[in-house]
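Here's the structure we're looking at; comments come further down.
Please treat every number below as a calculation from the coordinates, not as lab data. Source: prediction; values computed, not measured. Backbone-built Cβ (ideal geometry, glycine too); neighbour counts: all protein chains shown.
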Amino acid sequence: MSSVLYVVGGGPGGLGAAYAGSRLGYRVVVFEAHDSLAVKPCGRGIPVIGDFPFSIPREVVLNRISYVDLYVDGVRAFKAGGWIEGVIVDKSAFLEHLFASAGAEVLYRSKYNIRGSYVRVGGSTVEVKSGVFAGGFPYYEGERIPVVQYVVEKVKDVDLEAIEIRFDTSLLGYYYVFPQGDSVEVGVGGFSNHNTLWGLLDKFLESDDRFRGFRIARREAAVVSVGGLRLGYINGLVKVGEASGYVLPLTGEGIRPSFISGYIAAKALIEGRDPIKALKSSWISRAIRIQRRLLEWAKSMPTGNRRKLLLSLSPEEHAEIALGTLRISKLARSMLLKPGIALSILTKILPATISS
Ligand SMILES: Cc1cc2nc3c(=O)[nH]c(=O)nc-3n(C[C@H](O)[C@H](O)[C@H](O)COP(=O)(O)OP(=O)(O)OC[C@H]3O[C@@H](n4cnc5c(N)ncnc54)[C@H](O)[C@@H]3O)c2cc1C
């Protein structure tokens, strides 16, 4: 490697790589296809659990989240909080601010050409033969599910410090209501198709009094990569972020996993270690493998069992599974209290804790 780190993609995966590169004294050049960052739809929610090498800048935070309001098939399981911390960010401001603070040079309208391994920048051509590839979901080869969402204004009685999750066990997915400043992002994702999801989301809005008289500010559709890890290279560039499956399959959370994967891969690359090995053995890869196994298990279950399982978990267990911080030792202890459920989860996740 020269002392320049090339990064393709100006999303969270590219940001993680840029952060590691500049920390290790490299000049970082980021190629971004669009003329701005964070063009793709996103809920913009980030749990704050101390796994970023920076504090989230106050000026990019739209809402501070202290509660999770969780429903299963219309039944409220809990509204828990006090110990939960998260933020909803202005994602483009978040990325711009942090690329700048990492000292990375972001080149906009600079699309990396996969066939030719080059980027045209202004009048010249830059050959890119090594570095980090963080181009996002279009390059992911595993299972993806559709998500649709509205950003709506003039909504009544929504708690702007809470995120609302409403599991739908027959869809095998969930509706979400996330605050976004004074507005609200409301969406649904699951094992279905975009048209069906739009129909379900419209029905949900009609049936909920809080959305009477609302105004739609934006209507967005996208996909989320939930198929687990697909590690490897594109033209000698190591894949990170959603392009290689760094999305937690049960929740669709991708900002934190993508950042962490970019950071780990770039650091290993610069230090002369094998980036794939470093990624494979990381805690975030283990968390994704565990969630993927739990998702496969949930897919194979009758709907009633999914409901029973979701309702049987405590707020802390939900949080640990969702965040990828579930500990085997704790699960083993909880077998004394809930032997059937804890044992079932344990037997599903044990193979996923082995790194290769
Ligand atoms: C509706 C929806 C809601 C979501 N909500 C959340 C949420 O609340 N919290 C959360 O953590 N995650 C959420 N996610 C997931 C999250 O948005 C992604 O997983 C995350 O942004 C992936 O980061 P990334 O850097 O790998 O890819 P991306 O964010 O997709 O960034 C890739 C970048 O690469 C650029 N690019 C692509 N190809 C090229 C090329 N050839 N040359 C140069 N540049 C290129 C793109 O323009 C883009 O800027 C959500 C996803 C969806 C669809």
Check: Which percent of the Cα-Cα distances in the stretch 51-204 go past 23 Å?
Finding: 56 percent
Note to self: From the phi angles alone, apply the Karplus equation (6.51, -1.76, 1.60; θ = phi - 60°) to the stretch 142-150 and give each ³J(HN,Hα) in whole Hz, x where the residue is Gly or Pro.
What the structure shows: x, 6, 10, 10, x, 9, 10, 8, 10
Check: Summing Lys, Arg as +1 and Asp, Glu as -1, what charge do residues with Cβ under 15 Å from the Cβ of ARG212 carry, ARG212 excluded?
Finding: -1
Next item on the list: Rounded to whole Å and sorted largest first, list the principal axis extents of the Cα atoms in the stretch 144-224.
Entry: 31, 22, 21
Checklist line | Protection proxy ranking, peptides 18-31, 36-49, average beta carbon neighbours within 10 Å, highest first | finding: 18-31, 36-49
Check: Expressed as a whole number of Å, what is the distance separating the alpha-carbon centroids of the stretch 291-318 and the stretch 124-138?
Finding: 38 Å
Notebook entry, point to check: Got the relative contact order for the chain handy, in percent, Cα pairs under 8 Å and 6 or more residues apart?
Noted result: 19 percent
Item checked: Whichever lysines have a C-alpha closer than 17 Å to that of LYS277, once near sequence neighbours (fewer than 8 apart) are set aside -> LYS239, LYS267
Notebook entry, point to check: In terms of Cα to Cα distance under 28 Å, which lysines are near enough to LYS156, apart from those fewer than 8 places away along the same chain?
Noted result: LYS40, LYS79, LYS91, LYS203
Checklist line | C-alpha long axis of helix 303-312 to longest principal axis of the chain, angle in ° | finding: 90 degrees
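Using a simple charge model, +1 on the beta-carbon of Lys and Arg, -1 on the beta-carbon of Asp and Glu, nothing else, what dipole does the chain show about its Cα centre, in debye to the nearest 20?
Values: 44 positive and 34 negative charges, 204 e Å.
With only Lys, Arg, Asp and Glu charged at Cβ, the dipole is about 980 debye.
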Notebook entry, point to check: What's the angle, to the nearest 10 degrees (0 to 90), between helix 339-349's Cα axis and the longest principal axis of the chain?
Noted result: 20 degrees
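What order do you get for 11-17, 320-326 when each peptide is scored by the mean count of other beta carbon atoms within 10 Å, highest first?
11-17, 320-326
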Checklist line | Histogram of C-alpha separations across the chain, 10 Å bin width, % | finding: 5, 24, 33, 24, 11, 2, 0
Notebook entry, point to check: Which order do peptides 161-174, 300-313, 130-143, 56-69 fall in by mean Cβ count within 10 Å, highest first?
Noted result: 130-143, 161-174, 56-69, 300-313
Next item on the list: Taking H placed 1.01 Å from N in the peptide plane, check which residues at least 5 places from ILE234 or on another chain put their amide H under 5 Å from its amide H.
Entry: LYS239
Check: To the nearest 10 degrees, how steeply does helix 194-207 sit against the main Cα axis of the chain, on a 0 to 90 scale?
Finding: 50 degrees
